[in-house]
Amino acid sequence: MDRMTTEASRRVLLAAPRGYCAGVDRAVITVEKALEQYGAPVYVRKQIVHNKYVVQTLEKKGAVFVDETEEVPENAIVIFSAHGVAPAVHDEAAQRSLASIDATCPLVTKVHKEAVRFADSDYDILLIGHEGHEEVVGTMGEAPERMHLVDGPEDAAKVKVRDESKVVWLSQTTLSVDETMETVEALKNRFPNLLSPPSDDICYATQNRQVAVKEIAADADLVIVVGSRNSSNSIRLVEVALQAGAGASYLVDFAEECEDAWLEGVRTVGVTSGASVPEILVEGVLEWLAARGFGDVEVLRSAEESIQFSLPKELRRDLRAELADRASGKR
């Protein structure tokens, strides 16, 4: 009886929303459509999204991932990732006679446009984000002479600007909301006239997934976050889960990375996934848990998502024909 009671008390709290956001869905479909329309190989600069499974799946279909534009053969098709690129990358692609498809998430593009607008108005721009992240590199490339990277509250004291009355903050879209606002407060203490962006830069999906994980973490002994280790928003979910009261939290790419030792003394497991994670990977974790007595799954939904983005306009053109015309000197 005790064993049956113990097993019956085991449950899974499944966060919703979770997984793919509109920007990731758009980017992945862009690569798939490009392969269908133009055939392999199609080159992708950087990982199209930060998820190991997605990249491996697209590679099997004929996508070739490269680190730099110079690795793409001349007169080939190159896709820019969802994280966005600096204007210099677009220029380099044009110089190499590449046909480019821009799969940058529209919400990242919004931040790029804000950076250009504030730079044109002669503001110093304080970009809150993590050094080296592809999105940060791309955004800073829009106005490098006006941008200052602020990687957390402790960096606020180090910032030097030309005019403290003309300062604005922007942010990487995949940060922790709480961490970002902590950094903003530190910056406001230094720069009382600090201007905020016209709308929140942290993307709706990042915010929704953080709210959802907070709801399950409060009642969870353990939270498993499905996502890759180079995924900023997935890493943030682990941090948010721990801050919200989860007994423990781990990040896994695949179910086989889960460890039986994590379940010792655990009655409630929370499960969620980052914004670049396909649902098949979450299903794998749920199956792993069910095999260990955690078959009772309760979905906790904190928000509805209906946003969709149209595919890049380049997919509506015949890029192969354009490249052929360019090579023959017709253009």
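Checking segment 190-209 against the condition returns no match, with no residue being open to solvent by less than 30 Å² (accessible area, probe 1.4 Å) and touching a Pro at 6+ places or on another chain (Cβ under 6 Å). Note on segment 257-284: among residues that are without any contact (Cβ under 8 Å) to a residue 12 or more places away in the chain, acidic (Asp, Glu) and more than 19 Å from residue 301 (Cβ to Cβ), the one that is least open to solvent (accessible area, probe 1.4 Å) is 257.
Can you name every residue in segment 81-103 that is open to solvent by less than 20 Å² (accessible area, probe 1.4 Å) and not in a strand (DSSP E or B)?
Here is the first cut: in segment 81-103, the ones open to solvent by less than 20 Å² (accessible area, probe 1.4 Å) are 81-82, 84-86, 89, 93, 98-99, 101, 103.
If the condition is that a residue be open to solvent by less than 20 Å² (accessible area, probe 1.4 Å) and not in a strand (DSSP E or B), then 81, 82, 84, 85, 86, 89, 93, 98, 103 are the ones that fit.
Residues of segment 53-69 that are in contact with a helix residue (DSSP H, G or I) (Cβ under 7 Å, 6 or more places away or on another chain) and not small (Gly, Ala, Ser): 53, 54, 58, 61, 65, 69.
Counted as qualifying within segment 109-180 are the strands (runs of 3 or more DSSP E) with 2 or more residues that are at pLDDT 95 or above and under 20 Å from residue 206 (Cα atoms), namely 124-128, 167-171.
Rundown of residues vs (1) in contact with a Leu (Cβ under 8 Å, 6 or more places away or on another chain); (2) over 17 Å from residue 24 (Cα atoms), yes/no style:
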| position | (1), (2) |
| --- | --- |
| 225 | yes, yes |
| 230 | no, no |
| 247 | yes, yes |
| 259 | no, yes |
| 285 | no, yes |
| 298 | yes, yes |
| 303 | no, yes |
| 320 | no, yes |
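If you go through segment 33-65 and keep only what is surrounded by 15 or more Cβ atoms within 10 Å (Cβ to Cβ) and part of a helix (DSSP H, G or I), you end up with 33, 34, 35, 37, 38, 52, 53, 54, 55, 57, 58.
What number of residues in segment 66-80 are open to solvent by less than 60 Å² (accessible area, probe 1.4 Å) and either touching a His at 6+ places or on another chain (Cβ under 7 Å) or not in a helix (DSSP H, G or I) (or both)? Full working, then the answer.
Within segment 66-80, the first condition is being open to solvent by less than 60 Å² (accessible area, probe 1.4 Å), and the residues that meet it are 66, 69, 72-73, 76-80.
Now narrow it down to the ones that are either touching a His at 6+ places or on another chain (Cβ under 7 Å) or not in a helix (DSSP H, G or I) (or both): 66, 72-73, 76-80.
Count: 8.
When residue 217 is tested against (1) open to solvent by less than 50 Å² (accessible area, probe 1.4 Å); (2) more than 12 Å from residue 15 (Cα to Cα); (3) touching a strand residue (DSSP E or B) at 6+ places or on another chain (Cβ under 9 Å), just one condition goes unmet, and that condition is (2). For segment 304-324, indicate whether the set of residues that are buried (at least 20 other Cβ atoms within 10 Å of the Cβ) and farther than 30 Å from residue 41 by Cα is non-empty. No, the conditions are met nowhere in segment 304-324.
Counting only residues that are acidic (Asp, Glu) and modelled with pLDDT of 95 or more, segment 196-222 holds 3 of them. Inclusion of residue 111 among residues that are open to solvent by less than 30 Å² (accessible area, probe 1.4 Å), under 22 Å from residue 177 (Cβ atoms) and in contact with a His (Cβ under 9 Å, 6 or more places away or on another chain) is not warranted.
Taking residue 192, is it touching a residue at least 40 places away in the same chain (Cβ under 8 Å) and within 20 Å of residue 155 (Cβ to Cβ)? It is false that residue 192 is touching a residue at least 40 places away in the same chain (Cβ under 8 Å) and within 20 Å of residue 155 (Cβ to Cβ). For segment 231-252, the count of residues that are out of contact with any helix residue (DSSP H, G or I) (no Cβ under 8 Å at 6 or more places or on another chain), of a type in the set (A, V, I, L, M, F, W, C) and open to solvent by 70 Å² or more (accessible area, probe 1.4 Å) is zero.
The values are calculated or read from the model by the stated rules, or taken from the named source; none is laboratory data. Please read all numbers here as calculations on a predicted model, not as lab measurements. When we count neighbours, we look across all protein chains shown, and the Cβ atoms used for this are built from the backbone with ideal geometry, even at glycine. In case anyone asks, the SASA skips ligands and DNA or RNA and just uses the protein heavy atoms, side chains included. Shrake-Rupley method; radii C 1.70, N 1.55, O 1.52, S 1.80 Å.
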